[in-house]
Amino acid sequence: MKCPFCGNPESKVIDSRLSEDGTSIRRRRECAGCSKRYTTYEKIESTPILVIKNNGNRQIFDISKIKNGIIKACEKRPVSMAKIDKMVADIEKQVNNTLAQEISSKKIGEMVMEGLKELDEVAYVRFASVHRQFKDINTLMEEIKKLMASEKSDGSGEAN
């Protein structure tokens, strides 16, 4: 590891600890040349998962795209970033736990919709309208009716 200040390849590790999320090791280093300190992170290298898009193209799985989509769906809604981050982490775990090297964008979209259904119904409908490409207002109404019906069958619907 080269020093980011002087480029010297020699450094000593001053402190090592697990990161907050437990997925990497944070190391505090001191350069042997200029004595400046810097932080490095060590993480397990994994094989990339490819996402198969609707048109057949493949892209490397990028969790930030999912997070941005969820944030956009939750815009101006009472949903905390902590809840969004937890949902994003859960989706990332689901994708990684499939053990497949490829996953369809439709499957990822369904995972997001499932999470949003629990988190915020308006955000769910917003995301569903883009993901399922509603053609007209009737398609949107059908989705809202399904949501209301599932809510009543759960027993979580409010009584009038």
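The values are calculated or read from the model by the stated rules, or taken from the named source; none is laboratory data. All values reported here derive from a predicted model rather than from experimental measurement. Neighbour counts are summed over all protein chains in view; Cβ atoms, including those assigned to glycine, are modelled from backbone coordinates with ideal geometry. To get the accessible areas, we keep the full protein, side chains included, count just its heavy atoms, and leave off ligands, DNA and RNA. Shrake-Rupley method; radii C 1.70, N 1.55, O 1.52, S 1.80 Å.
List of remarks:
- Of all residues in region 141-160 being assigned to a helix (DSSP H, G or I) and modelled with pLDDT under 75, the one that is least open to solvent (accessible area, probe 1.4 Å): E151
- Flag if A100 is out of contact with any Leu (no Cβ under 6 Å at 6 or more places or on another chain), in contact (Cβ under 8 Å) with a residue 40 or more places away in the chain and aliphatic (A, V, I, L, M): yes
- Counting only residues that are small (G, A, S) and outside any helix (DSSP H, G or I), region 95-131 holds 2 of them.
Conditions tested, residue by residue: (1) under 30 Å from K106 (Cβ atoms); (2) touching a Gly at 6+ places or on another chain (Cβ under 7 Å); (3) of a type in the set (G, A, S); (4) touching a residue at least 40 places away in the same chain (Cβ under 8 Å).
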| position | (1), (2), (3), (4) |
| --- | --- |
| F5 | no, no, no, no |
| D15 | no, no, no, no |
| E20 | no, no, no, no |
| E30 | no, no, no, no |
| Y38 | no, no, no, no |
| E42 | no, no, no, no |
| L50 | yes, no, no, yes |
| I63 | yes, no, no, no |
| A82 | yes, no, yes, no |
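- Strands (runs of 3 or more DSSP E) fully within region 1-87 counting 1 or more residues that are basic (K, R) and open to solvent by less than 60 Å² (accessible area, probe 1.4 Å): 24-31
- In summary, V79 fulfils each of the numbered conditions (1) closer than 30 Å to N55 by Cβ; (2) of a type in the set (V, I, T); (3) at pLDDT 85 or above with the single exception of condition (1).
- Looking across region 20-38, just one residue is among the aliphatic types (A, V, I, L, M) and either over 29 Å from N96 (Cβ atoms) or in contact with a helix residue (DSSP H, G or I) (Cβ under 6 Å, 6 or more places away or on another chain) (or both), and that is A32.
- The set of residues in region 84-141 that are among the hydroxyl-bearing types (S, T, Y) and out of contact with any strand residue (DSSP E or B) (no Cβ under 7 Å at 6 or more places or on another chain) comprises T98, Y124, S129, T139.
- Those residues of region 93-130 which are more than 16 Å from the chain's Cα centre (by Cα) and open to solvent by less than 60 Å² (accessible area, probe 1.4 Å), in sequence order: A100, D120, V125, A128, S129
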